[in-house]
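Here is the structure we will look at.
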Amino acid sequence: MADGPGPQTSKELEEFRSETRAWLEANCPALMRTPMGEDDAVWGGRDWKPKHPEQKQWLDAMASKGWTVPTWPTEYGGGGLSPQENTILQDELRRIKARPALMSFGIWMFGPVLLEYGNEAQKKKYLPQIARGEIRWCQGYSEPGAGSDLAGLQTKCEDKGDHYLINGQKVWTSYANEADWIFCLVRTDTKVKHEGISFILFDMTSPGVETRPIKLISGASPFCETFFTDVKVPKENLVGKLNGGWEIAKRLLMYERTSISAGGFGGGAGALPIEEIAKHYVGVEDGKLEDRDLRARIAAHKMYDKAFALTVRRAQEMAKAGDNVSHMASMFKVAAATMNQEKTELIVEAMGNRALGWSGDGFTKGEILAPRAMLRAKGNSIEGGTTEVNLNVVAKRVLGLRDHQ
Amino acid sequence: MFTLTEEHDMLRDAARAFVQEKMPTAHLRAVRESKPDGFDRALWKEMSDLGWAGILIPEEHGGAALGYVGMGLVLEECGRTLAPSPLHSTALVGASALILGGTAAQKAEWLPKIAAGEAVVALAIDESAHHAPEKIKLDAKGRALTGEKKYVADGHVADLLIVAARDGGAVTLFLVPARADGVTITPLKTLDSRGAADIAFNGAKAEPLGGPELVDQVLDRARIGLAAEMLGQATQAFETTSEYLKTRTQFGQLIGSFQALQHRAAKMFVELELTRSCVLAALAALDENRNDVAEHASLAKARAGETLHLVSNEMVQMHGGIGMTDAADPGLYLKRARVAEALYGSASYHRDRYAALNNF
Ligand SMILES: Cc1cc2nc3c(=O)[nH]c(=O)nc-3n(C[C@H](O)[C@H](O)[C@H](O)COP(=O)(O)OP(=O)(O)OC[C@H]3O[C@@H](n4cnc5c(N)ncnc54)[C@H](O)[C@@H]3O)c2cc1C
């Protein structure tokens, strides 16, 4: 469809909408239209065991259309949809409250850069597996000594003639213990900084890879310390040029930041709007929340939220019109993190002492989730580049402000 | 108002030495894993032997009578390491209620036990998700309590409950042994690992304690004491964070060299200094028996809440990824902060009360 020449007529788009609606009606199982908790998310991968058969059914149906990655080319497992068609598909998915068929670092971050920087063989091999949810990827960027200063990474990658040999350590690697493959930044030249980094892929079952889960303050263990000891990697797994990884790394970060802000952040207590939660726990007087101070702060938050949504839409329209909006990724990331932190804090405050539980029968499920969501959200201004680092990007690249000389 | 006596200095130094040695944050972690009570009874005995459980209690009842400033200093030191114990609920709130409102017989029965660390006392106030003493409904007709209390701090380990209730007219306090008939205690597993309880009363026999004025007097003492503990938490959270800014390197330099962080650290310092003044002034107002205690209490609790909220968030953020791990301390401070912020009235509650006390 996207391959067709010229922009689509509104009649064509209307047809696409009615076909899509009918297809979703027939193919999205009822259970997949109900709200989901964090542990209902489908990440796919070799070891994935569906909690419900409907999850697999929904994933397979969407993958058969290429709609887990609607805008990717069909030859790589995508749907080949035009941006307009994709907007319609997303509208229709929202309309029936469909759960995402597949969550994936492959879809959000790695796939888009591989489309741009990968060779044909790499695209043919990896992209369809991502689209079908067969292989789950993790992101090997941060190291103990290289967080904000990512380019300071030290994980060593040596050319051994017919293969590369990798030694070093990554940290905060989300879901490394559940992922099948890793896209990884490694040092291939120690004499220079940014110009000595390469972007490489390998199987997490390779000998010499070890992961140790780290527990988060919210109680879950989604990220790991990841160790590499003499890991042998085939030469064809290098993406782009040797020592050319930094450009790819930054591009991927842009996709990561955009996807974080577009999809919002995970976090359990968000099913009900804050004001409904507040009405329940705080009480209402003359139609107004009894705590006027909290009421004003909830209103301010909702306005920020609205301003954010409007700005996302404006950026989408600008992007369609061909404007360069890449600088917006950092801006959106900062705003989205602020927003999610504010939201989860306001929910905790509105719930009062009912949001101070950790486990056990004294609290409802929603009450137990609220403080954990608030705690998890603290990571939003750290993961994918901290708020400080993203503000530095805006100050330098967008505003042209220079460093202290 | 802000000058400490030699006696106070000694008390603070002793408290600091004890807490740092025996109750560092590792102690809270151990309690979290293995002590469902939320504190270690053997250590509470040691603290009582040092005289802390009796800091406010007159000597004739086995206490040391060192006043609220002394109490505040010890609470602040406990706050620094998040040391869990019934010091606040029992030695401050419980002892205050009995000293101010108890009959000779009530004092003689309970104060020596409190001073010896043999009785834990809990104040049962809130009846909904939020602190709202003016809306208390718990029924005390015929000196039999019926109704429910929510999130009673140390309610799960209390021997004696002090319950706010209404016998027709104004709200007053009542004494009920925790194991009396008609009292059902539901322990809560809480965010800060200290525990609390929801408590249901079903015709439980109660003794009146003091008159209607005692409710606010006791609540204001609870608020001021908690503000002192929160000041300790915020101070330590800040110091740990500034230490991190002086040790963590990125981009070939200490992260504390970045002005974006320097200014925020400096701003936190300003907030902490302002909060410290409010807490000390409130403690002094209690010892001096001044008539503006209520205003000082709301000021101290609101300021401590706002400052601790800020510092606990910054502690996580400035530690980066490490701040998000359970193995590091920032999460512990954040969790205790949110509990302390809510107890005895949030900053929002006390801003409103402050305005009301000042007639606007
Ligand atoms: C939940 C979560 C999931 C994550 N998932 C992954 C993952 O899957 N893969 C991966 O590779 N990484 C992942 N990360 C790591 C994340 O990218 C890093 O934590 C982040 O980049 C910060 O690095 P750091 O932790 O070393 O903190 P540091 O860089 O040490 O930062 C400490 C503090 O200093 C500030 N700072 C640093 N430099 C400057 C400066 N120039 N100016 C002003 N302030 C500065 C920071 O903003 C921060 O507040 C994850 C992190 C979290 C919290």
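Any idea what angle helix B:67-80 forms with the longest principal axis of chain B, computed on alpha-carbon atoms, 0 to 90 degrees, nearest 10?
Its long axis makes an angle of about 50 degrees.
Would you mind checking the radius of gyration and Dmax of segment B:214-357 based on alpha-carbon positions, in Å?
Cα only, segment B:214-357: 16.7, 59 Å (Rg, Dmax).
Find the centroid of the Cα atoms in segment A:121-155 and in segment A:197-240, then give the distance between the two in whole Å.
The two parts, judged by their Cα centres, are 9 Å apart.
Can you compute the radius of gyration and Dmax for segment B:121-210, using only the Cα atoms, both in Å?
Radius of gyration, then largest Cα-Cα span, for segment B:121-210: 12.0, 37 Å.
How about residue B:45: which lysines have a C-alpha closer than 22 Å to its C-alpha, ignoring those fewer than 8 places off in the same chain?
Hits, sequence-local ones excluded: B:22, B:35, B:107, B:113.
Residue B:358 to residue B:8: extension gain in nm, 0.36 nm per residue of separation minus the Cα-Cα distance?
Details: separation 350, 0.36 × 350 = 126.00 nm, distance 3.24 nm.
The span from residue B:358 to residue B:8 would gain 122.8 nm if fully extended.
Nearest 0.05, what FRET efficiency do residue A:206 and residue A:405 give at R0 = 60 Å with Cβ-Cβ as r?
On the way: r = 46 Å, r/R0 = 0.77.
Once the sixth-power term is evaluated, E becomes 0.85.
Charges only on Cβ, +1 for Lys and Arg, -1 for Asp and Glu: so what's the dipole of chain A about the Cα centre, in debye to the nearest 20? Kindly include the intermediate steps, with their values, before the conclusion.
Details: 52 positive and 53 negative charges, 63 e Å.
About 300 debye.
Rg and Dmax in Å for segment A:195-243, alpha carbons only: what are they?
When restricted to the Cα atoms of segment A:195-243, Rg and Dmax are 14.2, 40 Å.
How far is it, in nm, from the label point at residue B:213 to the one at residue A:247 when both lie 7 Å from their Cα along the line to the Cβ?
8.0 nm
Give the B-A buried accessible area in Å², both sides summed, 1.4 Å probe, nearest 100. Let's see the in-between values first.
Values: alone 15240 and 20770 Å², together 32770 Å².
In total, this chain pair buries about 3200 Å².
What relative contact order, as a whole-number percentage, does segment B:121-210 give when Cα pairs under 8 Å and 6 or more residues apart are counted?
Relative contact order, segment B:121-210: 32 percent.
Whole number in Å², please: accessible area per residue of the protein assembly as shown, 1.4 Å probe, ligands, DNA and RNA not counted.
Averaged over the residues of the protein assembly as shown, the accessible area is 43 Å².
Could you tell me which residue out of A:218, A:165, A:255 lies farthest along the dipole of segment A:104-256 toward its positive end? Charges go on the beta carbon: Lys and Arg +1, Asp and Glu -1, centred on the Cα centre.
Comparing the listed Cα positions along the dipole, A:255 ranks first.
Please state the relative contact order of chain A as a whole percent: Cα pairs under 8 Å, 6+ residues apart?
Values: 634 pairs, mean separation 48.7, N = 405.
Relative contact order here is 12 percent.
Return the subset of A:156/A:235; B:246/B:267; A:124/A:170; A:125/A:333; A:156/A:333; A:333/B:335 for which the Cα-Cα distance in this structure is over 20 Å, preserving the input order.
Long pairs (Cα-Cα over 20 Å): A:124/A:170; A:125/A:333; A:156/A:333; A:333/B:335.
For a 20 Å ceiling on Cα separation, which of these pairs sit above it: B:189/B:301; B:149/B:205; A:302/B:189; A:51/A:123?
Numbers: B:189/B:301 24 Å; B:149/B:205 16 Å; A:302/B:189 32 Å; A:51/A:123 30 Å.
As for pairs spanning more than 20 Å Cα to Cα, those are B:189/B:301; A:302/B:189; A:51/A:123.
Using the Kirkwood formula over every pair of different C-alpha atoms, what hydrodynamic radius in Å results for segment A:320-404?
Details: mean 1/r = 0.0668 Å⁻¹.
It is 15.0 Å.
With helices defined as uninterrupted DSSP H runs, which ones in chain A have an alpha carbon span along their own long axis of at least 24 Å and mean Kyte-Doolittle hydropathy of at least -1.0? Walk me through the intermediate numbers first.
Values: long enough: A:10-27 (25 Å, -1.28); A:245-263 (26 Å, -0.16); A:292-320 (42 Å, -0.62); A:328-351 (34 Å, 0.36).
Within chain A the helices that satisfy the rule are A:245-263, A:292-320, A:328-351.
Mind checking the dipole of chain B: about its Cα centre, +1 per Lys or Arg Cβ, -1 per Asp or Glu Cβ, Debye to the nearest 20?
In total the dipole reaches around 900 debye.
Calculate the dipole size of the protein assembly as shown relative to its Cα centre from +1 charges on Lys and Arg beta carbons and -1 charges on Asp and Glu beta carbons; express the result in debye to the nearest 20.
Values: 89 positive and 99 negative charges, 329 e Å.
About 1580 debye.
Working from Cα positions, state the angle (0 to 90°, nearest 10) between the long axis of helix B:293-319 and the longest principal axis of chain B.
Approximately 40 degrees, to the nearest 10.
On alpha carbon coordinates alone, what is the Rg over Rh value for segment A:79-140, Rh being the Kirkwood radius?
Numbers: Rg = 13.2 Å, Rh = 13.0 Å.
Reported Rg/Rh (Cα atoms, Kirkwood Rh): 1.02.
Hey, how many Å between the Cα centroid of segment A:285-347 and the Cα centroid of segment B:288-360?
Centre-to-centre (Cα) distance: 26 Å.
Just need the relative contact order of chain B here, percent rounded to a whole number, with Cα pairs under 8 Å and 6+ apart.
Numbers: 681 pairs, mean separation 57.8, N = 360.
After rounding, I find 16 percent.
Given 25 °C and 0.890 mPa s, compute D for chain B with the Stokes-Einstein relation, Rh being the Kirkwood radius over Cα pairs; round to the nearest whole µm²/s. Before the final figure, lay out each step's value.
Details: Rh = 20.7 Å.
Value of D from the Cα-based Kirkwood radius: 119 µm²/s.
Find the percent of Cα-Cα distances in segment B:6-115 that exceed 19 Å, and round it to a whole number.
Result for the distance tail: 43 percent.
Rounded to the nearest 500 deg cm²/dmol, what is the calculated helix-only ellipticity per residue at 222 nm for chain B, with -39500 (n - 2.57) per DSSP H run of length n ≥ 4? It would help to have the intermediate numbers written out before the result.
Working: 11 runs with 182 residues, N = 360.
Mean residue ellipticity at 222 nm (helix-derived): -17000 deg cm²/dmol.
So for segment A:137-247, Kirkwood radius off the Cα pairs, Stokes-Einstein at 37 °C and 0.692 mPa s: how many µm² s⁻¹? Intermediate values should be presented prior to the final figure.
Values: Rh = 13.9 Å.
Rounded, D is 236 µm²/s.
So what's the protein assembly as shown giving for Rg/Rh, alpha carbon basis, Kirkwood Rh from the mean inverse pair distance?
Working: Rg = 29.4 Å, Rh = 28.7 Å.
With Rg and the Kirkwood Rh in hand, the quotient comes to 1.03.
In 5 Å bins starting at 0, how do the alpha-carbon pair distances of segment A:10-103 split up by percent?
Histogramming segment A:10-103 at 5 Å steps yields 3, 13, 24, 25, 18, 11, 4, 1, 0 percent.
To the nearest 10 degrees, how steeply does helix B:6-22 sit against the main Cα axis of chain B, on a 0 to 90 scale?
That helix lies at roughly 70 degrees to the long axis.
Semi-axes, largest first, in whole Å: what does sqrt of 5 times each Cα gyration tensor eigenvalue give for segment A:264-398? The partial results should precede the final answer.
Numbers: eigenvalues 203, 66, 28 Å².
In descending order the semi-axes read 32, 18, 12 Å.
Can you give the three extents of the C-alpha atoms in chain A along their principal axes, from longest to shortest, in whole Å?
77, 53, 48
Given a 1.4 Å probe and every protein chain left where it sits, what share in percent of the accessible area of chain A is carbon and sulfur? Write out the running numbers ahead of the final one.
Numbers: 10180 of 19190 Å².
The nonpolar share, carbon plus sulfur, comes to 53 percent.
Sketch the reach of a paramagnetic label on residue B:103 as a point 7 Å from Cα along Cα-to-Cβ, and name the residues of segment B:195-209 whose backbone nitrogen lies under 18 Å away.
B:205-209
Put one equal scatterer on each alpha carbon of segment B:280-360, apply the Debye formula with no solvent term, and list log10 I(q)/I(0) at q = 0.14, 0.15, 0.21 1/Å to two decimals.
Log10 I(q)/I(0), no solvent term: -0.56, -0.62, -0.90.
Give the separation of the Cα centroids, segment B:146-171 to segment A:52-74, in Å.
With segment B:146-171 and segment A:52-74 each reduced to a Cα centre, they are spaced 56 Å.
The values are calculated or read from the model by the stated rules, or taken from the named source; none is laboratory data. No experiment lies behind these values; they were computed from the predicted model shown. Positions of Cβ are generated from backbone atoms using ideal geometry, with glycine treated the same way; all protein chains shown enter the neighbour counts. SASA here: full protein model, heavy atoms, side chains in, ligands and nucleic acids out. Shrake-Rupley method; radii C 1.70, N 1.55, O 1.52, S 1.80 Å.
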